[in-house]
Amino acid sequence: MKLYYRFSLVLFVAVLFSSIVHAQEEIDLEVMYKIKTEGTRNSQIQDLAFHLTDLMGPRLSGSTNLRRARQWTADKFTEWGLQNVKIDSYGEFGRGWDVKKSYIAMKDPYYAPLIGYPKAWTEGTNGLVSTEIILLDIQSESDLEKYKGKLNGKAIMIPTTLSTAPAFEPEARRLTDEDLENRKVVSINPSSGGRYSPAQLQQMREQRELDQKINEFLLNEGIALRLSGTRGNFGTVFHTRAGSYSIDKNKTLPEMEIALEHFGRIERLIKNGQTVNIDAEIEVEWLDDDYKGYNVLAEIPGTDKTLKPELVMLGAHLDSWHAGTGANDNAAGVVVMMEAIRILKTLGIQPKRTIRIALWGEEEQGLFGSRGYVQKYVADRQTQDKKGEWDKISAYYNVDNGSGKIRGIYLEGNDQLVPVFEKWFEPFHEMGAKTITRRNTGSTDHVAFDAVGVPGFQFIQDPIDYGRGYHTNMDLYERMQQGDMTQAAIIVAAMVYNTAQRDQKLPRKPWGK
């Protein structure tokens, strides 16, 4: 019984503390109304989305189009009257790379256009390639010997284990109430032992070693082009990189990824004794004039004498892959964040703390932009040395899960923030946003801040068709949910405003020396 009463007392104190904190959080409902009104009646989402996708085009890390997009966003911030606008280098990234021409078609046994795109940072073909495709059967290093001296000038394919599957589920979906409740559950599984078994890890290591030897062999044999299959249905090509942006300038193979249905047709033709010939050409340009990576920064300065040096940050990554226009990954996030800060600026908000927007570079290659910023200005994760902005940033907000509605927020395990955000989300319950979860979510720019103890957040979003379309040739303007993006921008603007006006910085998890 004593244990029961002690537990009850602890629970009572916890609930009481939560209620007190909840009550202390003040919301200016008049400002919330103004944010909603400006965001719905005067939304610039459509125009911003057009410029960043159709007009800027694909924005591969280090590419000419990414440079154009950086300048365009900086100019837009200046036009809006933001201050301290700059394109800020975080350090070295590597070589830029542009596709100047890409073409592939089957000539024999009959003509058929093929859906295909060069892999990122691949070499060009030095003009039109008109040649036979050789299907290689390589299970081990010893199999390479039978092709020695036979592949010069040929195109090659290695059979794929990928396959298509009918889509029995709806193409797009929103999170249900059950889904959102499940997002609140924090699983603890101390005996998981990692994602892969030792045998699986060894198999993956052996496959990587074999792949490297195959690439070296094909490069030495002088093949004209390598064709790879890619996951995706109905002509959707999920693209990756083959070459390297490293300034070492190591030569790589010309390589194209083609739609799985087209890859399968060619593979079956060859296996059934048919000769398959293709015409193909890849023309690329390497950019060696500037190896630095950059972020775009701009501010609404704070007005409180004491709190002005402190920061509330919002951001998204500006780079994309190269076959589509990066509409959902991540032009959508950039547009939402740009619209959020436009709303605040248009309303003449005079924040206590400085509000800073950051559009990150080179996220797709490993969070280069945000990690570079954190390393330069905030803290060294490895040494745990804190830098000038570490104690100044109250929060960083990120959007990078497509263009679906915001349904809530991940708090990255910070229990202290639950009552804060429960209160802040109240004005947006009717917009479908009310799920507050302690769970973590990863793989995007908020991770760089959370890793050094600075509150960094990614929002819960409706997936729509995000997983089926990002990193593909079909990640285009048409796939953006602009009504949802309007809702998201309004909520982000409100969260940023509340954080900027709060008497204290948001509470943090322990970190550092």
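The values are calculated or read from the model by the stated rules, or taken from the named source; none is laboratory data. For clarity, every value in this text was computed on a predicted model and none was experimentally measured. Note that each Cβ is placed from the backbone with ideal geometry, even for glycine, and that neighbours are counted across all protein chains shown.
None of G293, G333, G366 is among the small types (G, A, S), closer than 30 Å to V99 by Cα and free of Cβ contacts under 8 Å to residues at least 60 places away in the same chain except G366.
Of the residues examined, G467 is not one that is at pLDDT 95 or above, surrounded by fewer than 19 Cβ atoms within 10 Å (Cβ to Cβ) and under 30 Å from T236 (Cβ atoms). The numbered conditions (1) out of contact with any His (no Cβ under 7 Å at 6 or more places or on another chain); (2) assigned to a helix (DSSP H, G or I) are all true for G369 except (1).
The set of residues from segment 349-365 being of a type in the set (G, A, S) and either in a loop (DSSP other than H, G, I, E, B) or surrounded by fewer than 22 Cβ atoms within 10 Å (Cβ to Cβ) (or both) comprises just one member, G361. Any idea which residue in segment 215-234 is farthest from Q139 (Cα to Cα), counting only those that are touching a Leu at 6+ places or on another chain (Cβ under 9 Å) and surrounded by fewer than 20 Cβ atoms within 10 Å (Cβ to Cβ)? So, considering only residues that are touching a Leu at 6+ places or on another chain (Cβ under 9 Å) and surrounded by fewer than 20 Cβ atoms within 10 Å (Cβ to Cβ), the one farthest from Q139 (Cα to Cα) is N233. The number of residues in segment 166-190 being of a type outside the set (D, E) and without any contact (Cβ under 8 Å) to a residue 60 or more places away in the chain comes to 9. Selection within segment 297-321: residues that are farther than 22 Å from S394 by Cα and touching a Gly at 6+ places or on another chain (Cβ under 9 Å). The member of this set that is surrounded by the most Cβ atoms within 10 Å (Cβ to Cβ) is S320. Of the strands (runs of 3 or more DSSP E) entirely within segment 17-136, those holding at least 1 residues that are loosely packed, with under 15 Cβ neighbours inside 10 Å occupy 83-92, 96-108, 129-135.
Checked against the criterion of being under 30 Å from K107 (Cα atoms), in contact (Cβ under 8 Å) with a residue 40 or more places away in the chain and assigned to a helix (DSSP H, G or I), segment 338-348 contains not a single residue that satisfies it. Residue pairs whose Cβ atoms lie under 7 Å apart, sitting 6 or more positions apart in sequence or on different chains, and linking a residue in segment 75-97 that is at pLDDT 95 or above to a partner that is surrounded by 13 or more Cβ atoms within 10 Å (Cβ to Cβ) and among the acidic types (D, E), are L82/E299; Q83/E299; N84/E299; F93/E362. In segment 113-138, how many residues are over 21 Å from F238 (Cα atoms) and in contact (Cβ under 8 Å) with a residue 12 or more places away in the chain? Looking only at that region, the number is 13.
The set of residues in segment 51-71 that are more than 13 Å from G324 (Cα to Cα) and of a type in the set (S, T, Y) comprises S61, S63, T64. Could you list all residues from segment 302-336 that are of a type in the set (D, E) and in contact with a His (Cβ under 9 Å, 6 or more places away or on another chain)? Across segment 302-336, the qualifying residue is only D329. The criterion of at least 1 residues that are within 19 Å of K107 (Cβ to Cβ) is met, among strands (runs of 3 or more DSSP E) falling completely within segment 242-301, by 255-258, 277-287. All conditions but one from (1) in the same structural domain as V334 (by TED's automatic domain parsing); (2) within 29 Å of T230 (Cβ to Cβ); (3) touching a helix residue (DSSP H, G or I) at 6+ places or on another chain (Cβ under 7 Å) apply to L114; the one that does not is (1). Which of the residues belonging to segment 433-487 are in a loop (DSSP other than H, G, I, E, B) and hydroxyl-bearing (S, T, Y)? Within segment 433-487, T441, S443, T444, Y470 meet the criteria. Evaluating F263 against the criteria (1) surrounded by fewer than 21 Cβ atoms within 10 Å (Cβ to Cβ); (2) more than 24 Å from the chain's Cα centre (by Cα); (3) at pLDDT 90 or above leaves one unmet condition, (1).
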